[in-house]
Every structure is written in structure tokens, then in C-alpha cells.
Amino acid sequence: MRRVTIFGATGSIGENTVDLISRRPADFHAVALTGGHNIARLAEQARRLNAELAVTCHAELYTELKAALSGSGVAVAAGTQGMAEAAARPADWMMSAIVGAAGLQPGLTALEQGTTLALANKESLVAAGPLLMSAAAANGARVLPVDSEHSAIFQALVGEDPAAVERIVITASGGAFRDWPLKALALATPEQAATHPNWAMGQRITIDSASMFNKAMELIEVKEFFGISPDSIEVLVHPESLVHAMVGFRDGALMAHLGPPDMRHAIGYALNWPERAELPVARLDLAKIGRLNFTAPDPARYPALDLARRVMRSGGLAGAAFNAAKEHALDAFIGGRIGFLQMAGVVERTLDTLSGESGLEDAANDLDKILAMDRLARVRAGEAITKQEERKLG
Ligand code: NDP
Ligand code: MG
């Protein structure tokens, strides 16, 4: 019986994780589930899995959660303290599926306790890859990738010598606006950006897919997970989203991982690792699919990719700054303050400003420094957004 905890249980990844676990009650014991605003779903999941503890990150929702779980035997907590309590409960496996930099602290706590960390929360790896990886190494804990591309790479590397890897290719669907004329993108709305051609995901990652900030984050994620040089990581636009990633070896072989666009594959692989268990995902019928397409991404359409390469070259706290600026720019786009195309400009200006200040080159292995850079980058991104707004008014 494996003891599992899910951070971000009420989200898209979280719900898929709960789905897989609830199918095998004899194999998994739910320790803690965390959510945010969606109290009804969190309570339903906690009852379904008979969890020990349910936590909402919002302190003011404690009473509501307590009422929703009355008589269930599930313990209830809320706020920062509640989240820390969930992270501290001993578990064998933890799913990190909070969205945003808030996922960093619980993941770190899990690793410090030697818990296997299934990492969907890419933001924490982008902001603090070296810190997480060194915490894993120091405590004999494993970090297992859940992002579909990284799970694909991880699977293609089983039994291989890492030194024989020549390149890694991750694919991108191209997002909601792949076929839009470049000119029309300036007027794209958050609602239009939040529809994905192939995957059903949370709102923020779906918009990040349209701008390719998601792929930009994933480039950095590849570097942090697999320690490969940034120049050896490539992106291909692949509209079908069936090949998730490819690993090229020095003998010229290119190993591709294919699967349907269903996150339960990558989640299930991390849940059952190192074994493979039967999973409720569709099987591909390639004869029916017939053809797969690949093209190089257009840098003018997707400026986020070049920003990621700049961040990888810089190293240090540039990842923390990039992630925070991106989160802030995304909030501003969702809130109607800036346009779709201005998000990249805000992130670029933030990095430019921070490059002229001290601290960006500091190593990303100190939590306080990472959190301080996160805060500073949000301030600088806020200033860049205000400038954009003034320009619009003037
Ligand atoms: P969702 O927005 O669907 O879910 C986010 C979860 O985090 C919810 O449980 C939400 O609670 C909770 N949450 C939100 N803000 C906070 C906060 N500040 N503190 C604590 N909890 C919070 O996101 P996804 O499931 O789409 O994505 C989760 C992570 O996985 C992201 O890092 C994303 O990039 C990554 N990922 C997602 C994929 C996908 O297919 N969805 C694919 C690959 C990676 P509530 O909703 O109750 O308010
Ligand atoms: Mg992905």
C-alpha cells in the first residue's frame, strides 16, 4: 500500500491523479489532498479516497471545508499552515500539481523527507531547479517528471547511457493561435487563448500554450531535469500532439515517445514507476491517423522561446525572474491590462531591467534568494506593465 499526497488535487492534473488512484483502492492510501477555491470538489475527492487530511490554501475557506466534510472522518486544515501540515505528513509519493510558484515549498518539503516527488508544477523547476535537485540528491529522494514531454524523455532514457544523448526534441501543438495571421494576435482575448486544440488543461497553462510560454518553460525544465546543454534542446511544432518528445543518440538513433493527449499516461507512469501498470488511456491507431506533421517554430510568432534560451544561458536566478515575470504578465493579460503579444515584451523588459541590477547571477540553490528574486521580478514586471498602459493611453 503506497501512501500518496496530492497538492492541487482539485485542478486538471489533480483530478486526473485522483481518478487513477480511486481505481485502485487496494494499492493506494490517500494521506493529504490540497485545493484552493473549489471546496465542493476537494470534499468530494477526500470522501472518495477516504483521505486522512484535506486542506484548502485559503484560510478564510476553513469553515466551508469543515462543513463540507463533517461526519466524514477526514481532518481539515487551511491556509499556509494547513499546506505545511499536508506537506509534512509522511507519504511515499507526492503529486505536485499546484499552478504557479506556490508549488515550490511543498515540493521541497516532500524531497527533504525523502518522498518521491511527481512533478507537474513546472514553475518550481524553472524557478528553483538546482535547489530541488540538490534537495533530492541530499535526501535520496526521486523527482519524477509528469509534464508529458519530460515523462516521454524520461521513458526514452530508460536503460540508456546519458552520455550517449546528443539532443532532445520536445514537441508543441502550436496552441490556440497556430493558424491565426500574425497581425490578428494583437487583439486575441484570454477566452480565445484558453482553448487548446488537443489537450484539456487548466486555464493558465492553456494560455501559456498559445503564447508558447509553456514550451519556453519546458525547455528550461528539460535542462534542469536532464542536465543537457541548452544548445542540444530543440522544439518542433507538431499539430497532432501524439509524439511528445524524442531523444537523439550519438549513433544517430532518434527514439520517439507517442501517446494520446491524455495526462493520465504521464501521471500513471510516475505513479507506478518503476513498473508499468495498465492505464485507462486510448490506444493509438496510427493507420487511422495516417500522417504526422512537424515544422520548425516561427521565432517571430513565438518570442517566448528565445527568452527561454536567454534564461538558460544566464542560469542563476534568471529562471526565478522569468517565471515570476511570466506569471505576472499572464495575470495582466487575463485581467485585460495588456494584450496577448505584450506578455513577451513585459517579460523581456523585466529581464533587461534585472540584468542591470545585482543578484540575477546568484546560484538558484537558496530558497530565500529565489523567493526574493520572485518578488522583485513581480515588481519590475508590474512597472513594465504600467509603462505599457501609459503608452496605450498616450
Ligand atoms: P489548474 O489550474 O487546473 O489547477 C491548479 C490547482 O492548484 C488547483 O487545485 C487549485 O485549486 C490549486 N491552486 C491554485 N493556486 C494555488 C495557490 N496559490 N496555492 C495552492 N494551491 C493553488 O492547473 P493544472 O492542473 O492545469 O496545472 C497544474 C500544474 O501542472 C501547473 O504547474 C501546470 O503547468 C502543470 N501541467 C499541467 C498540465 C495539464 O494537462 N493540465 C500538463 C503539464 C503540466 P482550486 O482550483 O481549488 O482553486
Ligand atoms: Mg507539457
Problem set entry | Cα convex hull volume per residue for the range 290-365 (Å³) | 134 Å³
For this session: Largest first and to the nearest Å, give the Cα extent of the range 176-247 along each principal axis.
Result: 38, 24, 20
For this session: Enter the accessible area of MET83 (Å², nearest 10), with the probe set to 1.4 Å and all protein chains included.
Result: 30 Å²
For this session: For the range 278-368, state which GluC sites (Glu not before Pro) are in a DSSP loop and have at most 14 other beta carbons lying within 10 Å of their beta carbon.
Result: GLU278, GLU357, GLU361
Problem set entry | Cα-centre dipole for the range 156-245 with unit charges at Cβ (Lys and Arg positive, Asp and Glu negative), debye to 20 | 380 debye
Exercise. Per residue, how many Å² of accessible area does the range 90-142 show with a 1.4 Å probe?
Worked result: 28 Å²
Problem set entry | For the chain, size of Cβ-based charge dipole, Lys and Arg +1, Asp and Glu -1, in debye | 600 debye
Exercise. Taking Rh as the Kirkwood radius, which is the inverse of the mean 1/r over Cα pairs, what is the Rg/Rh value for the range 115-200?
Worked result: 1.09
Exercise. Within the range 167-256, which trypsin sites (Lys or Arg not before Pro) sit in a loop by DSSP and count at most 14 neighbouring Cβ atoms inside 10 Å?
Worked result: ARG250
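Net charge around ASN16, counting only other residues with Cβ within less than 10 Å of its Cβ (Lys, Arg = +1; Asp, Glu = -1)? List each step's numbers first, then the result.
Working: positive: ARG264; negative: GLU15, ASP19, ASP262.
For residues surrounding ASN16, the net value is -2.
Once the piece of chain linking MET1 and ARG23 is laid out straight, how much longer is it, given 0.36 nm per residue of separation minus the C-alpha distance between them?
Numbers: separation 22, 0.36 × 22 = 7.92 nm, distance 1.37 nm.
6.6 nm is the gain from fully extending MET1 to ARG23.
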Exercise. What GluC sites (Glu not before Pro) does the range 131-239 have in DSSP loop regions with at most 14 other beta carbons within 10 Å?
Worked result: GLU160
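Evaluate the charge dipole of the range 104-182 about its Cα centre and quote only its size in Debye, nearest 20, assuming +1 on the Cβ of each Lys and Arg and -1 on the Cβ of each Asp and Glu. Can you show the working numbers first?
On the way: 4 positive and 8 negative charges, 25 e Å.
The dipole of the range 104-182 has a size of about 120 debye.
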Exercise. From the residues THR63, PRO25, LEU42, which one has its Cα farthest along the dipole of the range 1-73 in the positive direction, the dipole being from +1 and -1 charges on Cβ of Lys/Arg and Asp/Glu about the Cα centre?
Worked result: PRO25
For this session: Run the quick spin-label model on ALA300 and LYS392: label points 7 Å from Cα toward the beta carbon, then report their separation in nm to one decimal.
Result: 2.4 nm
Exercise. Which pairs in the list LYS122/LYS387; LYS223/LYS387; LYS183/LYS326 are over 31 Å apart, alpha-carbon to alpha-carbon?
Worked result: LYS223/LYS387
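Given a Förster distance of 22 angstrom, what is the FRET efficiency for GLU357 paired with GLN203, based on the Cβ-Cβ distance and rounded to 0.05?
Working: r = 32 Å, r/R0 = 1.46.
For R0 = 22 Å, the calculated efficiency reads 0.10.
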Problem set entry | Cut-off 14 Å between beta-carbons: net charge of the residues surrounding SER314, Lys and Arg +1, Asp and Glu -1 | -3
Problem set entry | Surrounding net charge for ALA184, when Lys and Arg each add one and Asp and Glu each subtract one, Cβ distance under 13 Å | +2
Problem set entry | Angstrom value of the Kirkwood radius, inverse mean 1/r, which spans all Cα pairs in the chain | 21.5 Å
Exercise. What's log10 of I(q)/I(0) for the range 5-132 at q = 0.17 Å⁻¹, Debye sum over Cα points only, no solvent?
Worked result: -0.78
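Under the rule a/c < 1.5 gives rounded, and otherwise a/b versus b/c splits prolate from oblate, where does the range 263-332 land using the Cα gyration tensor? The partial results should precede the final answer.
On the way: a/c = 2.67, a/b = 1.56, b/c = 1.71.
Cα axes put the range 263-332 in the oblate bin.
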Exercise. At a 1.4 Å probe radius, carbon and sulfur cover how many percent of the accessible area of the chain?
Worked result: 52 percent
For this session: Quote to one decimal, in nm, the extra length available between ASP179 and ALA372 on full extension: 0.36 nm per residue of separation minus the C-alpha distance between them.
Result: 65.6 nm
Exercise. In whole angstrom, and with the biggest value first, how far do the Cα coordinates of the range 266-394 range along each principal axis?
Worked result: 56, 38, 27
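The values are calculated or read from the model by the stated rules, or taken from the named source; none is laboratory data. Remember, predicted model here, so these are calculated numbers, not experimental data. When we count neighbours, we look across all protein chains shown, and the Cβ atoms used for this are built from the backbone with ideal geometry, even at glycine. In case anyone asks, the SASA skips ligands and DNA or RNA and just uses the protein heavy atoms, side chains included. Shrake-Rupley method; radii C 1.70, N 1.55, O 1.52, S 1.80 Å.
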